[in-house]
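**Q** Sharing a structure, written as structure tokens. Questions coming.
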Amino acid sequence: MYYHWSYLLLVPGTILMFWAQSQVRGAYQRYSKVSSSLGMTGAEVARAILQRMGIQDVAIEPVAGELTDHYDPGAKTVRLSQGIYGSSSLAAAAVAAHECGHVLQDKQGYTFMNIRATLVPAANIGSQLGPLLVLGGIIFSSLGAISSLVINIGIMLFVGVIAFHIVTLPVEFDASRRALKLIDELGILQGSENKAAKSVLQAAAWTYVATAFYAVLQLIQLLIMSRNR
Ligand SMILES: [Zn+2]
């Protein structure tokens, strides 16, 4: 392992990540125990929203794991985790509605969602390979121009990762905004139940902010380390 003082920059990012994750777990645990007054399950909430929006070509399936809920635009399928799919809790309604928010984005060709989709491969490659190339370039700096080139490629790959995390923010915020509007308008949740749904989705939003913040710190750290070698 190569040590450099600039790694300390990552500490606030790590703290924010842990804090955001504890917020999500807290909100989820709290509101997954409270049933909604209407008693609709996550799957029923998703079905009701899609039906109201006139969307018939999107399937709703259960998926293994906790908080593994997502919308797969390729398969046109909303996958809800076990704790959401069959649960009539406030958390289940919020999460199911959020995933339907992504379905609506897909239907409407929401710009940020399209940009995000094109950045997925870059983010997958860059998050691992970017820092590795920078580190490799520093360790083999005796190679001169070649090592500088490797470092620059590594940094450019990581810029792609940052772009992905930044574009994820409006996509997630927008899906939650749509979700809260829909569960209120369709009467799926009543009165103060909407507040609970909002706090679940807000906690989830913080994890995306924390991830983006951490990635930006990582880029700054890579830049400092590669300039002060
Ligand atoms: Zn989402």
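The values are calculated or read from the model by the stated rules, or taken from the named source; none is laboratory data. Model, not experiment: these values are computed from the prediction. All Cβ positions, glycine included, derive from the backbone under ideal geometry; neighbour counts span all protein chains shown.
**Q** Restricting attention to the range 181-229, which residues are without any contact (Cβ under 8 Å) to a residue 40 or more places away in the chain and outside any helix (DSSP H, G or I)?
**A** G191, S192
**Q** Give me a count of the residues in the range 130-148 that are more than 35 Å from the chain's Cα centre (by Cα) and free of Cβ contacts under 8 Å to residues at least 60 places away in the same chain.
**A** 6
**Q** So, one more: Specify the residue that is surrounded by the fewest Cβ atoms within 10 Å (Cβ to Cβ); the eligible residues are those in the range 59-90 that are more than 25 Å from V34 (Cβ to Cβ) and small (G, A, S).
**A** Only one residue tops the list, namely G74.
**Q** Going by the structure shown, is V200 surrounded by fewer than 20 Cβ atoms within 10 Å (Cβ to Cβ) and among the β-branched types (V, I, T)?
**A** When the stated conditions are applied, V200 does not pass them.
**Q** For the range 35-63, how many residues are among the small types (G, A, S), touching a strand residue (DSSP E or B) at 6+ places or on another chain (Cβ under 9 Å) and at pLDDT 95 or above?
**A** Summing the residues that are among the small types (G, A, S), touching a strand residue (DSSP E or B) at 6+ places or on another chain (Cβ under 9 Å) and at pLDDT 95 or above in the range 35-63 gives 4.
**Q** In the range 168-204, which residue that is β-branched (V, I, T) and more than 13 Å from the ligand (Cβ to nearest atom) is farthest from the chain's Cα centre (by Cα)?
**A** Filtering the range 168-204 for residues that are β-branched (V, I, T) and more than 13 Å from the ligand (Cβ to nearest atom), the one farthest from the chain's Cα centre (by Cα) comes out as I188.
**Q** Would you confirm whether or not the range 67-85 contains a residue that is of a type in the set (G, A, S), within 15 Å of the ligand (Cβ to nearest atom) and within 19 Å of the chain's Cα centre (by Cα)?
**A** Among the residues of the range 67-85, at least one is of a type in the set (G, A, S), within 15 Å of the ligand (Cβ to nearest atom) and within 19 Å of the chain's Cα centre (by Cα), which makes the answer yes.
**Q** I'm checking my understanding of the structure. Among residues of the range 92-129 that are within 14 Å of the ligand (Cβ to nearest atom) and of a type in the set (D, E, K, R), which one is farthest from the chain's Cα centre (by Cα)?
**A** That would be D106.
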